[in-house]
Amino acid sequence: MIWASWNDFWAMGGYGLYVWGSYSVVALVLLLEVRAAGQRQRRAIAQVHEHKEDTDI
Amino acid sequence: MAINWFKYAAPTNFYGLAGKLIPWFAGFSLVLFAAGMYIGFFVAPADAQQGEFYRIIFIHVPTSILSMVLYMVMAGYAALGLIFNTRLSAMMASAIAPTGALFAFISLWTGALWGKPMWGAWWVWDARLTSELILLFLYLGFISLHASIDDPRRADRASALLAIVGSVNVPIIYFSVKWWNTLHQGSTIKFSGTSMHVAMQQAMFTMLAALWLYALAVVLARVRSIILERERHTHWAQEVAA
Amino acid sequence: MKLLVLVIRRDLMLAMRRRADVLTTLFFFVMVVSLFPLGVGPEMDMLRKMAAGVLWVAALLSSMLSLGRLFATDYLDGTLEQMLLAPQSLSMLVLGKMIAHWMVSGLPLVLMAPVLGLQFDMSVQALGILIVGLLLGTPILSMIGAIGAALTLGLRGGGVLLSLLVLPLCIPVLIFGTGAVEAIANGQSVASHLSLLGAVLVLALVFTPWVTAQALRISME
């Protein structure tokens, strides 16, 4: 273990804001992208169903 | 075992294959991501000159590399689509663009947060940072052109041509920006004189692999949605969505 | 060759009928350049340093203005469709239109630039290099711009989109053009900058007409 304590870990030698500011934004952006991809797939499936109802009538 | 690769050039066949591959890519990506973070934060020691904030490069360097690789892959697919008129290639190109743009954005964001403690400025007109910014512009141009054309066939072909023109231009842009940078004796990003610790390299390459797999998974997921959107009027789509 | 002259003459004649358009572009160029001293202050030292960059960026922006019209009028009245079907090489026709566009919207900027350069207290030498650079560079802007104009043909909000597509591709031209002026100001050789600009011009001359022709075919399908 290279960190003396968790506090030490989060502080990142006084650069916590920069390090965690980077990684949190990366995590946020990637999660949003995954969510957007999921939503798009659901919408695409919904579109197919809509189309089916159109043709059934 | 002979696999008929051409079979998967048909979007409807590819849809199933992609669906099977995505969980694997996503799973391995998560594992490697965790491993990379562990090595990066718990094994790699502090850098002699940069202290702790150098750990930003574990995410900065892989996303920068991938944003450039993805542009080239995108242009390659675009060219394939234009030359051989394969629909799947064009769909791949438009599925790659958002992820590439996102990686370019992450690269700029983390670059700024790394630059502030490094040089005392959020942004320096370094050749590589500037090129990355222009790359982001190229991605945004591709996405907006594709989005503003209603006819999907024309959208595919027009943005493919733009991607190819862009990829021919990228080396010229990079060269000119570098030339401009040396002319003005701007700052150049250099890693501290000491060679990189082994654990640092391991962390960076693990993260690179993780993000690569992530990009594969999310691009394939997006391509599946695109296929479904385009094929919504077919029997095939009705069966898949049922 | 005859075809080329024919297309150029036709486009020039059409442009002469809409002289106001040409003047608008030129007026925009003059205005953007004149706004800079008001924005950053009148210190001559700073203005002299900025001059080449300001003039080049303004030229870049004003050449975007007129690009939308490059194919749009021909597209609307059906001439473009005829051109696509014509037995003559479409690339040649496109090249002709590019040259005509440059003569109407690029050349006036080049001629206007020295007057504006004087506002920024540029030396005669620097002005000379600026003109040479603009002479080599503005045709490239017209040619790269033509690709964007062909791709965005007939789209809603095409004008802004066009700038978004084309401006990043024009960055090398900007860098080499302003670099040349800066080199002369620092007493260095300008040959390398200008020859690079020339190389880009030759590349653009060879490839952009063909690429634009392909883009037109895609847009007109």
inquiry  = Averaged over its residues, how many other protein chain Cβ atoms are within 10 Å of peptide B:112-124's Cβ atoms?
reply    = 2
request  = Grab the other residues whose beta carbon is less than 12 angstrom from that of B:Ile226, score K and R as +1, D and E as -1, and report the net.
outcome  = +4
remark   = Dividing the alpha-carbon radius of gyration of chain C by 2.2 N^0.38 Å, where N counts its residues, gives 1.04
ask   = If you put +1 on each Lys and Arg Cβ and -1 on each Asp and Glu Cβ, how big is the dipole of the protein assembly as shown around its Cα centre, in Debye rounded to 20?
value = 660
query = Going through the DSSP H helices of chain C, which span 15 Å or more along their own axis at the Cα atoms while scoring at least 0.0 as a mean Kyte-Doolittle hydropathy?
reply = C:2-17, C:19-40, C:44-67, C:90-101, C:107-119, C:124-151, C:158-169, C:171-185, C:191-220
task = Just need the relative contact order of chain B here, percent rounded to a whole number, with Cα pairs under 8 Å and 6+ apart.
result = 36
query = Which ordering of A:Arg42, B:Arg55 is given by a fewest-first count of other beta-carbon atoms within 10 Å?
reply = A:Arg42, B:Arg55
ask   = Which pairs break 31 Å Cα to Cα here: A:Lys52/B:Lys20; B:Lys178/C:Lys97; A:Lys52/B:Lys7?
value = B:Lys178/C:Lys97
request  = Return the single residue from B:Ser159, B:Ser89, B:Ser148 with maximal mean-square fluctuation; model: Gaussian network over chain B, springs between Cα atoms under 10 Å.
outcome  = B:Ser148
inquiry  = Taking only complete DSSP H runs, can you tell me which helices of chain B stretch 30 Å or more along their own long axis by Cα positions and average at least 1.6 on the Kyte-Doolittle scale?
reply    = B:57-84
query = Other chains' Cβ within 10 Å of B:42-55 residues: what's the mean?
reply = 3
remark   = The base-10 log of I(q)/I(0) that the Debye equation returns for the protein assembly as shown at q = 0.05, 0.06, 0.11 Å⁻¹, one scatterer per C-alpha, is -0.25, -0.35, -1.06
ask   = How well do other chains shield peptide B:210-221, expressed as the mean number of their Cβ atoms within 10 Å of each residue Cβ?
value = 2
message = Among C:141-148, C:75-82, B:127-134, how do they line up by average Cβ neighbours within 10 Å per residue, starting with the highest?
response = C:141-148, B:127-134, C:75-82
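None of the figures in this text is laboratory data; all of them are computed from the coordinates on show. Remember, it's a predicted structure, so these values are computed and weren't measured experimentally. Note that each Cβ is placed from the backbone with ideal geometry, even for glycine, and that neighbours are counted across all protein chains shown.
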